[in-house]
Amino acid sequence: MFMCYRSAVRQHAAELICLIGAEERLKESDLQLRFCTNETQATRKNFVAKLQRLGFDISVSEVFPPAPAAIAVLNERGLRPHLLVHDGLLPEFDAVDKTNPNCVIVGDAAENFSYQNLNEAFRVLIGLERPVLFSLGQGRYYKETDGLKLDVGVYMKALEYACDLKAEVIGKPSPTFFQSVLNDMGLKPNEVCSNE
C-alpha cells in the first residue's frame, strides 16, 4: 500500500520524477499496489486522470480516496447522507440515496463551507435522535499554490462541538479506511507495508 497525499500531485518536477520512478519499480514487482489518498475535492476517476497526466501509470481500481469507503459504510448501515462536500466530489455519491438524511458527511468542501451550508448540516444532525457525523478526513489545514487553506477537520470539530457528538473519520488515518483497502486486496494488516 502506498500513501499518496493530495499535495503529492503538486510536487516540484524533480520530486514527481522520483515518485513516478518508485511507482514504476513497485509495479514491476509481484506486490499488490494501492494508492491511498485523502483527496476529497474530486471523484476518483478525475483524480486518477490528473495523476496520469502527470506521468503516473495508475488505474482507478488502484486508488483509494475516502469517498468509496464512506459509501461502503453507508450501504452497510443503511444510512442516507446529507452531503457537505466539494462540488467536484458530488458525482461519487450519485448512486447513494440522499432522501430524508439520517447522517451527515463532511469533506473538504472548500468554498461550500459557508455559514448557510454548515448551519444546514448542523440542523440535520441536531434534528436526529441518534446523530451520525462522518468526516472524510481530519486535517487542520493544507497548502495550495495561493497559500494555506483550512481543511475538513476544522469544520468537523465545529459540528462535533455544536451537536455534542464525536465524528467517525473515514479517511487517513482511520482504521475503517485502511480496512476497506485491505478488504479490496484480500489481505490482513500484517501482510502489508505502507509508505507515507
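Using amide H atoms built 1.01 Å from N in the peptide plane, name the residues 5+ places from Phe134, or on other chains, whose amide H lies under 5 Å from its own.
So Phe134 has HN proximity to Val104, Ile105, Val106, Glu168.
What residues have an amide H closer than 5 Å to that of Phe64, excluding those fewer than 5 places away on the same chain, when H is modeled at 1.01 Å from N in the peptide plane?
Phe35, Cys36, Thr37
List the lysines whose Cα sits under 18 Å from the Cα of Lys188, skipping any in the same chain fewer than 8 residues away.
Lys172
Once you put a point 7 Å from the Cα of Ser194 and another 7 Å from the Cα of Ala72, both along the Cβ direction, what distance in nm separates them?
Output for this residue pair reads 1.3 nm.
Which value, in debye to the nearest 20, gives the size of the charge dipole of the range 66-169 about its Cα centre, when Lys and Arg are +1 and Asp and Glu are -1 at the Cβ?
Numbers: 10 positive and 15 negative charges, 61 e Å.
It comes to approximately 300 debye.
Note down the net charge around Asp164, summing +1 for each Lys or Arg and -1 for each Asp or Glu among other residues with Cβ under 13 Å from its Cβ.
On the way: positive: Arg130, Lys157, Lys166; negative: Glu160.
Within the 13 Å Cβ shell, the charges total +2.
When the Karplus curve 6.51 cos²θ - 1.76 cosθ + 1.60 is applied with θ = phi - 60°, which whole-Hz ³J(HN,Hα) does each residue of the range 121-132 get, with x for Gly and Pro?
Rounded to whole hertz, the list is 4, 4, 5, 4, 5, 5, x, 8, 5, 10, x, 10.
Based on the mean of other beta carbon atoms within 10 Å per residue, what is the order of 54-60, 188-194, most packed first?
So the peptides 54-60, 188-194, ranked by packing, come out 54-60, 188-194.
Tally Lys/Arg at +1 and Asp/Glu at -1 over every other residue whose Cβ is under 13 Å from the Cβ of Ala109; what's the total?
Values: positive: Lys149; negative: Asp87, Asp108, Glu111, Glu120, Asp151.
Net charge in that neighbourhood comes out at -4.
Would you list, by chain and number, the lysines whose Cα falls below 20 Å from the Cα of Lys50, excluding same-chain residues fewer than 8 positions away?
Lys27, Lys143
For a protection proxy built on the mean count of beta-carbon atoms within 10 angstrom, sort 68-74, 177-183 highest first, please.
On the way: 68-74: 21.1, 177-183: 17.9.
Ranking, from highest mean packing down: 68-74, 177-183.
For Asp164 and Ala49, FRET efficiency with R0 = 41 Å and r from the beta-carbon atoms, rounded to 0.05? Mind showing how you got there, number by number?
Working: r = 41 Å, r/R0 = 1.00.
With a Förster radius of 41 Å, E is 0.50.
What is the packing order of peptides 137-146, 96-105, taking the mean over residues of other C-beta atoms within 10 Å and listing the highest first?
Numbers: 137-146: 13.7, 96-105: 16.9.
For the peptides 137-146, 96-105, the packing ranking is 96-105, 137-146.
Each reported figure results from applying straightforward, stated rules to the coordinates on display, with no laboratory input. None of the values given here were measured: they were computed from a predicted structure. We place every Cβ from the backbone using ideal geometry, glycine too, and count neighbours over all the protein chains shown.
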